[in-house]
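Beneath this line is the structure, given in structure tokens, with notes to follow.
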Amino acid sequence: MAWLVRNWHLKLGAVALATILYTGFVYSGAFTERPVSGVRVDMAGQPSDWIRLGQLPSVTITYRVASDSAELVQPESFTATVSFADYDLDLAAQPQSLPVDVGSPLNGITILSVEPRDVTVTLDRVDTKSIPVRIDRGEVPPGLEIGVPQLSVRQVTARGAASLLARVDHARATVGIQPSGIDVNDQVELTPVDVNGEPVLSVELDPSTVTVQIDVEAIETSKTVPVRPDLQGTVAAGFEIASVSTDPAVVTLRGLPDALAGVVDVVTEPLPIGGSTATRTLESVLILPPGTRLAEDTTPVVSVVVRPAVVTRTFLLGFICEGADPGMACLPQQDQAAVTLRGTAAALDALDTAALSPILDVSGLSAGEHDIVPTMTLPAGVQLVSLSPGVVPVTLRPPASPSP
């Protein structure tokens, strides 16, 4: 055995040198250090009568592994847990910071660090309570009335975190009443809500649905629409309709919503006005749309105001000079004017065109060239629309001197 301890210090130095060289060889490239993110954190030891509020964050783990195995490592290659035993149950429903314990089931992986080291966890006791079911049916469309809603259950059981359950007031069943008046017979999802009607998340209901039955009936409604006279024929030649009025101008109809939906007016029976030369006052009968009736009986009176038709005509008339000094020659540079007049056909027919000539008044003007605005005097009921030209050049020449 003496040979084992002979030169022992040299032998120990050789072993140490070999260890150092091996370690240097390992860290010179045989192993790789790298981080992996997105490692899910789970709760260990959580009893079934406790519930976690919110999600646990993921962590990033930095590890060392043999270089030839580095590509095989995934986030699923690690475990990260927080222990229920570390949570202070006296502070239930309050956020608490718990340490994260990490590991790996794979051989050859050395965990160097984890970030973050602690995560925030909120736990609460699971509780249940019975809550009423209430229907939210919204607005009932006009023309409909509903019966008392029938529910398959009136109470349901709410289950969830005690802190959340304390906020739950009732379970809401939302249904809609259709304008068509179809009865409601639906399976409706229930939503746990607070006293303000806001949903409370993460609370389960049992049962989670309810059958809602509501009888819907259509009732009569009313609608006010104008009366539209149906005039038949045309007034006499030379006359026109100045205005049409109805008394009353509108009527109120009653009926089911579908019957009134497309009604925009009510038409009278045909009213003959052919050949009329004066105002007509006619009693009318209304033609009611199917499925409707008048809210109040009425017989509309239609007044048709007929007057002589107003027309326009154009005349070609010669100019007449007036007011020239004795012996002074008045010479218009244009012979005729186009005169457009407006009035009834009878008034225009009665005009004496000889008395309608435009007047060129040259009173007080001396000899020479002048621009004169023509004027006209018209009988009652006749209006001047236009006169062209509006200005006429006129030459005034004095009388010729006598020969010696």
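Suppose we filter VAL203, VAL267 for residues that are within 30 Å of ASP169 (Cα to Cα), modelled with pLDDT of 90 or more and either open to solvent by less than 40 Å² (accessible area, probe 1.4 Å) or not aliphatic (A, V, I, L, M) (or both); which single one remains?
Sole residue among the options that is within 30 Å of ASP169 (Cα to Cα), modelled with pLDDT of 90 or more and either open to solvent by less than 40 Å² (accessible area, probe 1.4 Å) or not aliphatic (A, V, I, L, M) (or both): VAL203.
Say whether the condition of being in contact with a Leu (Cβ under 7 Å, 6 or more places away or on another chain), within 26 Å of GLU240 (Cβ to Cβ) and of a type outside the set (Ser, Thr, Tyr) is met by at least one residue in region 355-371. The answer is yes, given that some residue of region 355-371 is in contact with a Leu (Cβ under 7 Å, 6 or more places away or on another chain), within 26 Å of GLU240 (Cβ to Cβ) and of a type outside the set (Ser, Thr, Tyr).
Output the strands (runs of 3 or more DSSP E) that fall wholly within region 213-305 and possess 3 or more residues being touching a strand residue (DSSP E or B) at 6+ places or on another chain (Cβ under 9 Å) and under 27 Å from PRO142 (Cβ atoms), or say none.
Working: elements: 216-218, 221-232, 239-247, 250-255, 266-272, 280-283, 292-294.
Once the strands (runs of 3 or more DSSP E) in region 213-305 are filtered for at least 3 residues that are touching a strand residue (DSSP E or B) at 6+ places or on another chain (Cβ under 9 Å) and under 27 Å from PRO142 (Cβ atoms), what remains is 216-218, 221-232, 250-255, 292-294.
Mind checking which residues of region 277-322 are open to solvent by 40 Å² or more (accessible area, probe 1.4 Å) and closer than 30 Å to HIS370 by Cβ? Answer for region 277-322, where residues must be open to solvent by 40 Å² or more (accessible area, probe 1.4 Å) and closer than 30 Å to HIS370 by Cβ: THR314, LEU316, ILE320, CYS321, GLU322.
Of the residues examined, ALA354 is not one that is in contact with a Ser or Thr (Cβ under 6 Å, 6 or more places away or on another chain), small (Gly, Ala, Ser) and farther than 30 Å from THR277 by Cα. The residues on offer are VAL210, VAL175, VAL184, VAL216, and the sole one that is of a type in the set (A, V, I, L, M), open to solvent by less than 20 Å² (accessible area, probe 1.4 Å) and at pLDDT 95 or above is VAL210.
For region 172-196, the set of residues classified as more than 21 Å from GLU145 (Cα to Cα), of a type outside the set (Val, Ile, Thr) and either in contact with a Ser or Thr (Cβ under 7 Å, 6 or more places away or on another chain) or without any contact (Cβ under 8 Å) to a residue 40 or more places away in the chain (or both) consists of ARG172, GLN187, GLU189, LEU190, ASP194, ASN196, listed by residue number.
Per the conditions (1) assigned to a loop (DSSP other than H, G, I, E, B); (2) out of contact with any Phe, Trp or Tyr (no Cβ under 8 Å at 6 or more places or on another chain), the sole criterion not satisfied by GLN334 is (2). A count restricted to region 65-92 and to residues that are over 54 Å from the mean Cα position of the chain (by Cα) and closer than 21 Å to THR120 by Cα stands at 2. The single residue among LEU348, LEU396 that is in contact (Cβ under 8 Å) with a residue 12 or more places away in the chain, surrounded by 14 or more Cβ atoms within 10 Å (Cβ to Cβ) and more than 60 Å from the chain's Cα centre (by Cα) turns out to be LEU396. In region 43-64, of all residues being hydroxyl-bearing (Ser, Thr, Tyr) and more than 18 Å from THR120 (Cβ to Cβ), the one that is surrounded by the fewest Cβ atoms within 10 Å (Cβ to Cβ) corresponds to SER48. Looking only at residues in region 65-102 that are of a type in the set (S, T, N, Q) and in a helix (DSSP H, G or I), the one that is surrounded by the most Cβ atoms within 10 Å (Cβ to Cβ) is SER77.
Restricted to region 140-164, and to residues there that are outside any strand (DSSP E or B) and open to solvent by less than 40 Å² (accessible area, probe 1.4 Å), the residue that is nearest to GLU220 (Cα to Cα) is GLY143.
Here ARG137, ARG167, ARG117 are screened, and the one residue that is of a type outside the set (Ser, Thr, Tyr), surrounded by 15 or more Cβ atoms within 10 Å (Cβ to Cβ) and within 29 Å of GLY54 (Cβ to Cβ) is ARG167.
The values are calculated or read from the model by the stated rules, or taken from the named source; none is laboratory data. None of the values given here were measured: they were computed from a predicted structure. Neighbour counts are summed over all protein chains in view; Cβ atoms, including those assigned to glycine, are modelled from backbone coordinates with ideal geometry. When the accessible area is computed, the model is the full protein with side chains, heavy atoms only, and any ligands, DNA or RNA have been set aside. Shrake-Rupley method; radii C 1.70, N 1.55, O 1.52, S 1.80 Å.
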